[in-house]
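Encoded as structure tokens, the structure appears first; notes follow it.
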Amino acid sequence: MRFLLIIPTVFILVTTVFVLMRATGDPITAALGGRLTPDQLAERIHAAGYDRPILVQYLEYLRGVFTGDFGTTLSDNRPVTEVLTTYGSATLELAAYAIVVALLLGIPFGMISGYFRDRLPDAVLRILAILAYATPVFFAGLLLKLVFSVWLGWFPVAGRVSTNGEIAMQMAGADSGFMLVDAFRTGDPAVVLDVLSHAVLPAAALGLLTAGVFLRLVRTNVIGTLGTGYVEAARSRGVAESRLVRKHAWRPALIPIITVAGMQVAMLLVGAVLTETTFEWRGLGFQLAEYLQARDFVAVQGIVVLMAVVVAVTNFLVDIIAALIDPRVRY
Amino acid sequence: MSAVATITDLAVSFATDAGPVRAVDGVSLDVSPGEVLAVVGESGSGKTVTAKTLLGLLPETATTRGAVVLTGRDGRETDVVHVSGAKLREARGRDVAMVFQEPSSVLNPVYTVGWQIVEGIRAHGEVSHKVARQRAVEVLRQVGIPDPEHRIDHYPHQFSGGQKQRIVIAMALVLGPSLIVADEPTTALDVTVQAEILDLLRTLRDETGTAIVLITHNMGVVADLADRVAVMYQGKVVEQAPVGELFADPQDDYTRALLKAVPRIGEGTARAVERASSRPDGWADSEPVVRADDLRIVYPGRFRQPAFTAVDGVSLTIRPGEVLGLVGESGSGKTTIARAIAGLTPVSGGSLKVLGTEMRGAKGRDLKAMRPRLGFVFQDPATSFNPLLTIAQCVAEPLVVHGRAKSAEAARRRVDELLEAVQLPRSYGDRFPHELSGGQRQRASLARGLALDPELLVADEPTSALDVSVQARVLELFAELQKELGFACLFVSHDLAVVDLLADRIAVLYRGELVEEGTGAEVLGAPREDYTRRLLASLPVPDPVAQAERREALRALQVG
Amino acid sequence: MSAAEITPVGTQGAAPEHLGGRGSWFKKLPVVHQVRQSVGLQRGMLIAGIVLVAVFVLVAVFAPLIAPYGWSQLRSLDGAFGAQQAPSAEHWFGTTVGGYDVLSRVVWGARTALLVVIVAVVSSIVVGVLLGLVSGYFGGWLDRLLVVVADAIYAFPSLLLAILLAIVISGGQSNMWGGIFAAALSITVVFIPQYFRVVRSEVVRIKGEAFVDSARVLGTGHWRIMTRHVLRNSTRTLPLIVTLNASEAILTLAGLGFLGFGIEPTAAAEWGYDLQRAIADVTSGIWWTSMFPGLAIVFTAMGVTLMGESLNDLADPRLRMRARSSKVSGDVAATSVEKGDVA
């Protein structure tokens, strides 16, 4: 039953965005305020329908959100939906890389840290995790860029693919938006390598941050389950220590870990926005920063609503997965 | 025959926030093959620490001295205190196994019970999964799990508490260890289930010849199962003797005091008769302080879960100055009734009149007149006081709330009187709740309950969290105060013997329904209902000879 | 052994910190008490955290004395600083693309960060605790509604919410105090659900404790129960959340600045804004404009996090480390059996 909360949650998020975006007035005044005469402004406002009663606008907005129509951007006159579909894949790809990095580092090191709690391996890992958390992802990005791109020249400075790679993709008709997929479709290993080398630094910046959070999460929960009666009981039956961690402590800890990890999707998206800006990774986050600079609040509203809904839906799915893993719920 | 376990001059201390604390101090014990050695003591006596040392299960904060040598069935010796991790792991499960107190927290909730048993088997040598599973089914059958071929694939939460404890015993048994350490194996269970588990342990000992170290605080359990007893007090063994000898002729003062403190059925009967005879004429017709008629209490379901009927069609009365003992196992609804009388749980059906106020549908305002006339004593001494207030402030709270005093300071004289009445030094008023022991806190709780000189006191398991010697003192105090002040009382407990000590009449609850009600002599002397009989027969008495007879009587009841 | 030999068991061991003698008030202070209680790694982490936080606070408070120049100063008596100057004797940390002195901006930035953290944490605690207390205590439909709203906002990507609020509050940019309040209030709204959730769940737990039942049996009024029994008991974990949130506040402020929603460079110094201006510098190998403000963020956030994490460990008896003695020692203590009870 608690799963049905997704409906009011999405509703509240969507409404919150509308209220906040319109609290200061209409988007046209915000974007073009100083540049047009009052008459021109009024005309534009009337044409866009921003002079109608707020309730009518709100209902229209709701209808738009649920039919996938987010209006047209003010700065470059594109349908917002097109912006979302064009750049969404890039953000998704970056988030996927980061999750892979986070899982590969966070889970094993979190288990090690939990098991060797308060001893040397734990001390080192914990401090690294805190460092990862305390470093803003954009500063980590700038540092990586400085060292590995500018000074060492190992990786490209910015972007998702070099011009040659882009041409190769266009020729192969690969336009899914997921660079790695498209690169494989060109069949050219050089293009794949090119895409990967562009991805390494952004993935590392966002992945390290997420890994730090995961490590802490895994560590705390594994420590919690390692202290339970059933782990002591398994130990009393002669079960080996490594197995106690990998099986007895890990599986029950997984349920809260998955739930809390779901909540980190919001953090991951915020991180993606900042990482994209740092590396000119043309995804939704990069686009959002551009539209914010241009004070194009129609576009901003569309991107923010999409991200909020994505977070809510992911949390909802993650809750269901956590429930499915738990035999006490299943049976 | 050589011992299966020998403990020599064991000492253990723990690092705590207050520096090292010694838990076990120079203990020497040995256990012969096939023997049940009971280690008895109250909290803080070091009995559980001693038990855990046998398996090398102490936490990292512990420092250990002395030797603990286990001898397996193949004659291999392992010194648990000094051996390496790998050797210790081999010995666990094979030479020594453990049965824990709380079966629901000892089984891993996300694995099937079969998986957990098989894991134990395969941790000790190359066994194919099929063979191990076969062995697991056999051992589950041995401990009395019906339909083990099918049940082996169930998760722990699909079993009842008693069955879970059977599974824990199966896990301990599966590799045929020469010694099983059972740490309070029945404390978390209801008394009828306790009797079954004790029976199972006895049968297994007889069939497999496994020695058992039984850690317990319950003298009845000791009398039921033990061959030999070691009494521990403050980290030391104060007395060791065969069970018959210990109960018949205890040598140490502490043992004697402990045995004397155990409540026995029948002790209270004389007192109740005496009180009944001294009631004034017309008392039986006086207006009762509590009258429940066909009382029904339902906890509403949430999110489509069905509503739960905790109390169903209960009728009872408590007259002025009378003590009604309410007995039942967990889930019987006894606490719910106590809370409803105090206005903490709403009444769903029937009628409940407390001190002239109808509780059904009553709002806060309706209860105003009744509240100062009712006192309540809670079960858990750990949470019944606001940790941020001093004892004096807590005890003064009723006086301040009901306008008898302007502030806690102004009420101090009355508070001091109350503390003295419950035999606490006045200076304890300035202490914080966590600075008092459990028994002291329950006495302060009694002082708070009596602060307004109520006509009715509701006591919800007030002594069940206390050690037996502390319980004896609190019960005695309770009886004295009741006699002196003459308040009526609803006394809730799961322990028949405790209720018998205090109550004029006893009401037995089973699954929300009132099974039987009458004086102590009627209910305990000649129970009419099957359930009461079973409850009574399941309660182990602290006397090995009498307990052996009762065991037979219970078996006859179960067969019949 | 006779009954007289059964030693009385006092409360030693149960809670020695409350029995400290005269002059021990210092040892009982928050933080000081924890430092004394901690051992080993936890002590190291705690002290490292305290030192970093202390440096941050001192720099923020004494910024006018420490900073060689003002945050928006472009020239000294010797003339203009010049843009993107490498670190030198005049400018230890170099100058930015806009021609500001990096060291001065880093120092003044500490002040901005501290003010934002204080305003954000104080206001979100006040609102969050109040809502959580009322909602958790009374329950009912209002509680359910608040929980759903709080959960929804909690799930909202925090920086995006802060951006929206920054737009609402200040239209995107403003002067020093306006900017600080805009940033702080944006962060406040993000944090309120956290405090609300924590306090509410504590209140719900405390409400079920016997001492609250005991007050209800007496007919104690709601106001008295809430203030005397529930409130203080349910806010014990707040200091921990405050420290953990303080680091999040610093990072969110920096994120806002990095996206251009901070404070104008002429109004106040802000680390995130300076980092945004430094993106292009990095590509051309100019490292000092990003390195120093970045490190300032890292050290501050790290200090607060270290402090919060180790306080969290110390507050939880299961996680707290204790000095282990090599020999068996200490007294047998802390049983609940008393002399008078066994007689």
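The values are calculated or read from the model by the stated rules, or taken from the named source; none is laboratory data. Note that this is a predicted model, so its numbers are computed, not measured. Virtual Cβ from ideal backbone geometry, glycine too; neighbours counted across all protein chains shown. Each accessible area value is taken on the protein alone, full model and side chains, heavy atoms only, with ligands, DNA and RNA left out. Shrake-Rupley method; radii C 1.70, N 1.55, O 1.52, S 1.80 Å.
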Of A:Ala183, A:Ala168, A:Ala140, A:Ala134, which residue is closer than 16 Å to C:Ile279 by Cβ and of a type in the set (Gly, Ala, Ser)?
A:Ala140
Scan segment A:113-126 and give yes if some residue there is closer than 24 Å to A:Gly262 by Cβ and away from every other protein chain (no Cβ under 14 Å), otherwise no.
no
Can you say whether C:Gly10 is at pLDDT below 70, within 14 Å of chain B (Cβ to nearest Cβ), open to solvent by less than 80 Å² (accessible area, probe 1.4 Å) and over 24 Å from C:Val242 (Cβ atoms), as far as the supplied structure shows?
yes
Within segment A:301-323, count every residue that is open to solvent by less than 20 Å² (accessible area, probe 1.4 Å) and at the interface with chain C (Cβ under 8 Å from one of its Cβ atoms).
5
Here the residues within segment A:118-145 that are modelled with pLDDT under 85 and crowded, with 21+ Cβ neighbours inside 10 Å are none
Name the single residue that is nearest to the other protein chains (Cβ to nearest Cβ) among those in segment B:358-388 being open to solvent by less than 20 Å² (accessible area, probe 1.4 Å) and without any contact (Cβ under 8 Å) to a residue 40 or more places away in the chain.
B:Leu367
Across segment C:191-249, which residue is surrounded by the fewest Cβ atoms within 10 Å (Cβ to Cβ) among those that are among the polar types (S, T, N, Q) and closer than 17 Å to C:Ala120 by Cα?
C:Gln194
Just one of C:Leu115, C:Leu130, C:Leu77, C:Leu103 is among the hydrophobic types (A, V, I, L, M, F, W, C) and modelled with pLDDT of 90 or more; which is it?
C:Leu130
Just checking, does segment B:283-298 include any residue being in contact (Cβ under 8 Å) with a residue 12 or more places away in the chain, under 28 Å from B:Leu539 (Cβ atoms), within 28 Å of the chain's Cα centre (by Cα) and loosely packed, with under 15 Cβ neighbours inside 10 Å?
no
Which listed residue is touching a residue at least 12 places away in the same chain (Cβ under 8 Å) and at the interface with another protein chain (Cβ under 8 Å from one of its Cβ atoms), from A:Leu269, A:Leu208
A:Leu269
Does C:Ser158 meet the test of being within 14 Å of chain A (Cβ to nearest Cβ) and open to solvent by 20 Å² or more (accessible area, probe 1.4 Å)?
yes
A:Thr278 vs. criteria at pLDDT 85 or above, touching a Leu at 6+ places or on another chain (Cβ under 7 Å) and not charged (D, E, K, R):
yes
Determine whether segment B:117-131 contains at least one residue that is more than 18 Å from A:Ala234 (Cβ to Cβ), outside any strand (DSSP E or B) and in contact (Cβ under 8 Å) with a residue 60 or more places away in the chain.
no
Out of the residues in segment B:17-34 that are closer than 21 Å to B:Ala211 by Cα and surrounded by 21 or more Cβ atoms within 10 Å (Cβ to Cβ), state the one that is nearest to the other protein chains (Cβ to nearest Cβ).
B:Val27
Report, by residue number, each residue of segment B:121-143 that is open to solvent by 40 Å² or more (accessible area, probe 1.4 Å), away from every other protein chain (no Cβ under 14 Å) and at pLDDT 90 or above.
B:Ser128, B:His129, B:Lys130, B:Val131, B:Arg133, B:Gln134, B:Glu138, B:Arg141, B:Gln142
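Of the residues A:Ile112, A:Ile107, A:Ile54, A:Ile28, only one is open to solvent by 50 Å² or more (accessible area, probe 1.4 Å) and either under 30 Å from A:Trp250 (Cα atoms) or touching a Leu at 6+ places or on another chain (Cβ under 8 Å) (or both); which? Show your work before the answer.
Working: A:Ile107 fails: open to solvent by 50 Å² or more (accessible area, probe 1.4 Å); A:Ile54 fails: either under 30 Å from A:Trp250 (Cα atoms) or touching a Leu at 6+ places or on another chain (Cβ under 8 Å) (or both); A:Ile28 fails: open to solvent by 50 Å² or more (accessible area, probe 1.4 Å).
On inspection, the qualifying residue turns out to be A:Ile112.
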Within segment B:430-450, identify whether any single residue is more than 29 Å from the chain's Cα centre (by Cα) and outside the structural domain of B:Ile337 (by TED's automatic domain parsing), and answer yes or no.
yes
Residues being open to solvent by 10 Å² or more (accessible area, probe 1.4 Å), acidic (Asp, Glu) and within 13 Å of chain A (Cβ to nearest Cβ): count how many of those fall in segment B:78-118.
2
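Somewhere in segment C:40-63, is a residue among the aromatic types (Phe, Trp, Tyr) and assigned to a helix (DSSP H, G or I)? Quick ask: steps written out before the conclusion?
Taking segment C:40-63 as the starting set, the residues that turn out to be among the aromatic types (Phe, Trp, Tyr) are C:56, C:62.
Then drop every residue that is not assigned to a helix (DSSP H, G or I), which leaves C:56.
Yes, there is a match, as at least one residue in segment C:40-63 is among the aromatic types (Phe, Trp, Tyr) and assigned to a helix (DSSP H, G or I).
Conditions (1) over 14 Å from the mean Cα position of the chain (by Cα); (2) acidic (Asp, Glu); (3) closer than 18 Å to A:Ala233 by Cβ, marked per residue:
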{"residue": "B:Ala172", "(1), (2), (3)": "yes, no, yes"}
{"residue": "B:Val193", "(1), (2), (3)": "no, no, no"}
{"residue": "B:Ile197", "(1), (2), (3)": "yes, no, yes"}
{"residue": "B:Thr203", "(1), (2), (3)": "yes, no, no"}
{"residue": "B:Gly220", "(1), (2), (3)": "no, no, no"}
{"residue": "B:Val237", "(1), (2), (3)": "yes, no, no"}
{"residue": "B:Ala241", "(1), (2), (3)": "yes, no, no"}
{"residue": "B:Phe247", "(1), (2), (3)": "yes, no, no"}
Just checking, does segment B:210-218 include any residue being more than 14 Å from chain C (Cβ to nearest Cβ) and open to solvent by 10 Å² or more (accessible area, probe 1.4 Å)?
yes
Please count how many residues of segment B:25-47 are at pLDDT 90 or above, outside any strand (DSSP E or B) and touching an Asp or Glu at 6+ places or on another chain (Cβ under 7 Å).
1
When residues of segment B:144-170 are filtered for being open to solvent by 10 Å² or more (accessible area, probe 1.4 Å) and either of a type in the set (Val, Ile, Thr) or over 30 Å from the mean Cα position of the chain (by Cα) (or both), how many remain?
4
Can you tell me which condition B:Phe14 does not meet? The list is (1) within 28 Å of B:Val470 (Cβ to Cβ); (2) open to solvent by 20 Å² or more (accessible area, probe 1.4 Å); (3) part of a strand (DSSP E or B); (4) at pLDDT 90 or above, and all the others hold.
(4)
Screening B:Ser427, B:Ser464 for residues that are part of a loop (DSSP other than H, G, I, E, B) and either away from chain C (no Cβ under 11 Å) or touching a helix residue (DSSP H, G or I) at 6+ places or on another chain (Cβ under 7 Å) (or both) leaves only B:Ser464
Residue, farthest from the other protein chains (Cβ to nearest Cβ), within segment B:55-77, restricted to residues that are outside any strand (DSSP E or B) and within 24 Å of A:Gly227 (Cα to Cα):
B:Leu58
Just to be sure I understand, how many residues within segment C:64-94 are more than 14 Å from C:Ala269 (Cα to Cα) and either hydroxyl-bearing (Ser, Thr, Tyr) or in a helix (DSSP H, G or I) (or both)?
4
Apart from one, (1) under 25 Å from B:Leu536 (Cβ atoms); (2) surrounded by fewer than 19 Cβ atoms within 10 Å (Cβ to Cβ); (3) polar (S, T, N, Q) all hold for B:Ser332; the odd one out is (2)
